[in-house]
Amino acid sequence: MNAKQNKLPILNNWISVIKDIVSIFLNEFKIVFKDRGVVIIFIVASLVYPMLYCGLYKNETLVNVPIAAVDYSRGKYSEELLRHLDASPDVKVIKFSTFDEAKKAFDDRKVHGLFFIPTDFNKKLNNNEQATVSVYCDMSSFLYYRSLTLASSYSVLDMGNKIQVDRLNAQGITGQEATIASNPIPFESSILFNEGMGFASFLMPAILMLIIHQTLFFGIGMLAGTSREENRFHELVSTKLQRGGTLRVVIGKAACYMLMYLVFSFYILEVTPHVFGLPHIGNAIDILKFMIPFLMATIFFSMTVSAFLPSREIGMIIFLFFSLILLFLSGISWPQSNINGFWKAFAWIFPATHGIQGYIKINSMGADIHHVTYENVSLWIQSALYFVTTTVVYYWKIKRSQEKSEKEVETSIL
Amino acid sequence: MLNNIFIAISNTLSREFRRMVSRPIYFIGTVLVMGFCYVFFLTFFNEGQPNKMPIGIVDLDNSSLSRQFVRNLDATQQAKVVMRVGSHREAREEMQRGNIYAFVEIEQGFAAKAISSKRPPITFYVNDSYLVAGSLLLKDISYMSALSSGAMQRQILRAKGVEENRIMGIIQPITTDTHLIGNPWANYGIYLLNVLLPGVLQLSILMMTIFVIGIEFKERTSHEWLENANNSIFGAITGKLFPYTVLFTLLGIIGNILLYSYMHYPMNASIWWMFLTTFMYVLAYQAVGVLLIGITPVLRDGVTLVAFYGLLGFTFAGFTFPIEQLPYSAQIFSYIFPIRHYFNIYVNEALHGISIQHSLISFIALLSFNVLPLFVYHRLKSAAIKQNYPIK
């Protein structure tokens with residue numbers, strides 16, 4: 001009988017802990033949904049940004065980039081070469097009679113490249129010599145450069161191969177022999193995971209993860225800044241929550257964000273790629289397994305930083321530019337292998353780095369969860385680390401708030 | 001009248017200077033943000049092009065011929081062979097782990113087949129999930145392959161007794177002489193930083209503009225602000241924003257100097273045109289900032305609006321994905337972003353070095369942003385006097 005009674009307080013204690021966490025968890029939902037600014041960041045931004053950016057980049061690759069062609073040679077070969085070039089989906093050939101006219105169109109940015117065939121082109125090809133064409137690329141966007149070089153090298157190679165066979169035949173090398181002589185080692189290139197070399201297929205998966213990371217960061221920052229502005233003691237945590245103890249506050253709040261973002265993640269990472277035809281060959285369960293530490297790390301990271309924000313707007317004013325930095329630190333554009341040691345170490349700090357890399361590997365490249373062990377483990381370490389830091393800064397804030405509150409009570413009594 | 005405005009501006013100026021030193025955000029949001037970005041981006045891309053990216057080899061032949069090929073690959077500028085694996089499956093897994101960006105597969109019996117003229121293929125796989133790494137490696141490996149193939153062709157043709165002066169004409173009947181205008185080495189820093197740095201600058205200008213005005217409304221100090229300026233909203237806004245015009249122009253010009261003098265990025269016109277552009281760019285974005293905070297005098301809504309508009313600027317500058325290739329309905333929006341006009345002037349002057357007349361229309365566009373504050377003139381004045389906006 002006695003023993004049974006002794007056990008009960010422990011059980012009661014646990015029940016009260018869980019009750020506290022649940023009440024903080026529910027209360028946080030109320031706070032989130034009452035705050036128009038936070039609703040805009042958490043919900044509207046999470047809904048709109050994926051659609052907006054996918055819509056803007058839906059064309060994936062450039063088609064029919066206008067380029068100027070100047071043919072000073074005007075013969076059978078040069079005309080055929082220009083027809084070839086124009087037939088490529090990448091560029092659209094606009095003919096000019098002089099180089100100066102073409103240059104003017106380039107300066108006016110009506111064309112984004114120049115394809116120049118010199119006077120001796122046909123003559124040289126007729127004489128079995130090597131002929132040269134000149135290509136001038138607009139470097140203002142690398143995609144222009146890529147379209148023009150792809151189209152020109154393809155048409156030049158294609159035509160070159162035909163001429164090659166003719167010339168081999170003229171040398172008395174024919175049939176199988178000619179095939180071997182023209183291409184003794186066939187090289188085959190195969191593009192994996194983003195077969196169409198699409199821009200959206202490359203960039204959007206990273207942007208989607210960044211949207212999750214940044215909306216969480218700014219939303220949590222806004223919440224913390226607001227509670228600091230609005231509470232009586234300008235401190236982080238409402239006095240009515242203090243009785244629960246630091247851990248209860250941290251867990252209750254984090255659980256609220258976690259639940260919301262598990263739902264949003266489904267929309268952002270599952271629905272969006274489907275609707276816009278982005279690469280999506282990953283196993284959904286693996287993505288889920290990966291998202292749990294990613295969301296936890298991001299939430300605790302954001303909560304830690306948010307404790308230092310004095311007002312609701314300041315997080316975005318100071319850190320908006322950081323979205324860009326995070327994109328480059330992730331190593332999606334400039335490859336991770338070529339980021340120098342200092343910035344690589346700096347990049348490790350942010351959940352976005354591992355989140356973007358891991359998600360792309362699973363989602364776009366079909367990796368299993370064990371292929372992304374490095375990212376996965378890093379995110380779990382971050383989750384633990386930032387959980388501790390969050391608890392420490394929250395404890396410090398709550399204590400300061402209590403001290404101030406006691407002082408206020410004393411002064412009011414006196 | 002003019003004298004009154006002058007007094008209004010100078011009163012507001014001295015008041016703003018006191019405010020600027022009262023909180024760290026004024027320093028953090030301007031100098032610190034831009035300083036960090038200059039250091040970050042200039043050290044991040046200092047290599048120009050990513051060199052020696054890791055690739056893998058599946059050499060199932062392991063003959064002297066295949067090893068020679070691998071050595072050639074390793075000698076290319078962009079690729080570095082970091083691993084040899086036993087199978088396609090293993091190589092693909094290493095790619096999924098992100099350890100290699102490409103791999104080359106050489107089949108068993110490669111050398112024997114090559115000697116007996118059976119045309120054994122060499123296959124390479126590149127991962128275009130990392131578009132930059134993938135594209136560069138594909139280009140580099142293709143070039144190397146063409147060279148090896150050419151060397152082999154030369155041997156075959158010599159053996160067949162083809163005259164030496166005809167050989168090149170057979171191996172490569174047409175050659176291409178490629179010129180990359182303004183950026184001959186396809187340097188990524190040149191391509192990206194000329195727009196990324198002004199891009200960060202516009203975020204900073206927009207944020208600070210709406211902050212310095214919005215905070216007066218938020219903290220209900222707008223009466224005092226306006227009274228101090230003799231009730232001239234023109235004087236109040238001009239005096240308030242002037243220190244930031246100077247500061248941001250200075251920060252922008254430091255950026256120009258870093259890019260064109262320190263990094264020696266292409267500057268084919270007078271650098272003074274870029275200084276002028278930067279100054280007009282700062283004014284244009286301050287004007288947009290006033291418009292945005294005027295639409296909603298509430299600071300927190302202003303911040304959200306700016307975040308939305310400012311981040312879209314990177315897309316609508318049109319330097320990554322060209323504007324005319326965006327969906328048609330989105331294209332017209334590019335005009336409402338000063339960064340688009342800045343980009344046009346930069347391309348014309350710094351990159352292409354053509355006469356300034358070509359950029360005239362972009363200069364006029366930048367200038368025309370300055371009429372935007374007029375649309376919210378009355379709203380700002382009534383908000384400052386009546387404080388008639390939602391506080392929560």
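Bear in mind these aren't lab numbers, they're just calculated from the coordinates by the rules spelled out. Keep in mind that what you see is a predicted model, and the values were worked out from it rather than measured. Here Cβ is always computed from backbone atoms with ideal geometry, including for glycine, and neighbour counts include all displayed protein chains.
Listed here are the pairs A:K253/A:K289; A:K34/B:K240; A:K407/B:K381; A:K397/B:K218; A:K19/A:K399; A:K30/A:K361; which of them are more than 30 Å apart at the Cα? Spell out each step's value before the answer.
Details: A:K253/A:K289 21 Å; A:K34/B:K240 34 Å; A:K407/B:K381 42 Å; A:K397/B:K218 25 Å; A:K19/A:K399 22 Å; A:K30/A:K361 37 Å.
A:K34/B:K240; A:K407/B:K381; A:K30/A:K361, as the Cα separations exceed 30 Å there.
Could you tell me which of rounded, prolate or oblate describes chain A, using a ≥ b ≥ c as the square roots of the eigenvalues of the alpha-carbon gyration tensor, with rounded for a/c under 1.5 and, failing that, prolate when a/b is larger than b/c and oblate otherwise?
Details: a/c = 4.00, a/b = 2.65, b/c = 1.51.
It comes out prolate by the Cα gyration axes.
Return one number: the angle in degrees, 0 to 90 and rounded to the nearest 10, between the long axis of the Cα atoms of helix A:76-87 and the longest principal axis of the Cα atoms of chain A. The angle comes out at about 20 degrees.
What stretch of chain B, leaving out the sites themselves, is the longest with no GluC sites (Glu not before Pro) in a DSSP loop having at most 14 other Cβ atoms within 10 Å? Provide the component values of the computation, followed by the final result.
On the way: sites that count: B:E163, B:E219.
Here the longest segment lacking exposed loop sites spans B:220-392.
Sequentially through the range B:173-186, phi angles give Karplus couplings (6.51, -1.76, 1.60; θ = phi - 60°) of x, 10, 10, 10, 10, 9, 10, 9, 5, x, 9, x, 9, 6 Hz, Gly and Pro residues having no value and appearing as x.
Can you work out the PRE-style zone for B:K80? Point 7 Å along Cα to Cβ, and I want the residues of the range B:121-135 with backbone N under 19 Å. Within reach of a label on B:K80: B:127, B:132-135. Across the options B:M34, B:H378, B:H88, the greatest Cα extent toward the positive end of the charge dipole of chain B (unit charges at beta carbon of Lys, Arg, Asp, Glu) belongs to B:H378. Please report the spacing between the Cα centers of the range A:336-370 and the range A:58-90 in Å, no decimals. Taking the Cα centre of the range A:58-90 as reference, the centre of the range A:336-370 is 39 Å away. Give me the angle, in degrees from 0 to 90, between the Cα long axis of helix B:131-159 and the longest principal axis of the Cα atoms of chain B, rounded to the nearest 10. It is inclined by approximately 30 degrees.
Quick one: work out the % antiparallel among DSSP beta bridges in the range B:53-171, nearest 5. Intermediate values should be presented prior to the final figure.
Details: 5 of 15 bridges.
Expressed as a percentage, antiparallel bridges in the range B:53-171 total about 35.
Here each label is just a point 7 Å from Cα along the line to Cβ, and for A:N127 and A:T174 those points are 2.9 nm apart.
Nearest 5 percent is fine: what portion of the DSSP beta bridges confined to the range A:65-182 is antiparallel? Of all bridge pairs located within the range A:65-182, approximately 30 percent are antiparallel. When both the range B:296-346 and the range B:1-40 are represented by their alpha-carbon centers, they are found 26 Å apart. Give the shape of the protein assembly as shown as rounded, prolate or oblate, defined through the alpha-carbon gyration tensor: a ≥ b ≥ c are the square roots of its eigenvalues, a/c under 1.5 means rounded, and otherwise the shape is prolate if a/b is larger than b/c and oblate if not. The shape class here is oblate.
Could you calculate the FRET efficiency of A:F346 with B:R23 from 1/(1 + (r/R0)^6), where r is the beta carbon distance between them and R0 is 41 Å, rounded to 0.05?
Details: r = 27 Å, r/R0 = 0.66.
That gives a FRET efficiency of 0.95.
The angle between the Cα long axis of helix B:88-97 and the main principal axis of chain B comes to about 20°, on a 0 to 90 degree scale. Can you find, among A:S364, A:Y144, B:N51, the residue farthest towards the positive end of the dipole of the protein assembly as shown? Put +1 on the C-beta of Lys and Arg, -1 on that of Asp and Glu. The Cα lying farthest towards the positive end belongs to A:S364.
Gain on full extension, evaluated as 0.36 nm per residue between A:N12 and A:V377 minus their Cα-Cα distance, stands at 127.8 nm.
At a Förster radius of 22 Å, what calculated FRET efficiency corresponds to the Cβ-Cβ distance of B:W185 and B:I257, to the nearest 0.05? Let's see the in-between values first.
Details: r = 22 Å, r/R0 = 0.99.
Computed FRET efficiency for B:W185 and B:I257: 0.50.
Length gained on full extension, A:T389 to A:E270: 39.7 nm, using 0.36 nm per residue less the C-alpha separation. Among B:200-207, A:258-265, sorting by the average number of other beta carbon atoms lying within 10 angstrom of each residue, highest first, gives B:200-207, A:258-265.
Give a quick list of GluC sites (Glu not before Pro) in the range A:35-98 that DSSP marks as loop, anything other than H, G, I, E or B, with at most 14 other Cβ atoms within 10 Å.
Working: sites: A:E60, A:E79, A:E80; in loops: A:E60.
Here no loop site has a sparse enough neighbourhood.
Under 5 Å from the amide H of B:T175 lie the amide H atoms of A:A131, A:T132, A:V133, each residue being 5 or more positions distant or on a separate chain, with H modelled from the backbone and absent for Pro and chain starts.
Between A:S189 and B:F124, the built amide H atoms are under 5 Å apart, and every one of these is 5 or more places off in sequence or on another chain.
For the residues A:S401, A:S333, B:S355, what sequence is obtained by ranking on other C-beta atoms within 10 Å, fewest first?
Fewest-to-most ranking of A:S401, A:S333, B:S355: B:S355, A:S333, A:S401.
Each helix, a run of at least 4 DSSP H residues, gives -39500 (n - 2.57); summed and divided by the residues of chain B, these come to -19500 deg cm²/dmol at 222 nm. Each of A:L247 and A:L47 was given a label point 7 Å from its Cα along the Cα-to-Cβ line. The distance between the two points is 3.8 nm.
Annotation: extensible slack from B:Y335 through B:L2 equals 116.5 nm (criterion: 0.36 nm per residue apart, minus Cα-Cα distance).
Kirkwood hydrodynamic radius computed over chain B comes to 25.2 Å, based on all pairs of distinct alpha carbons.
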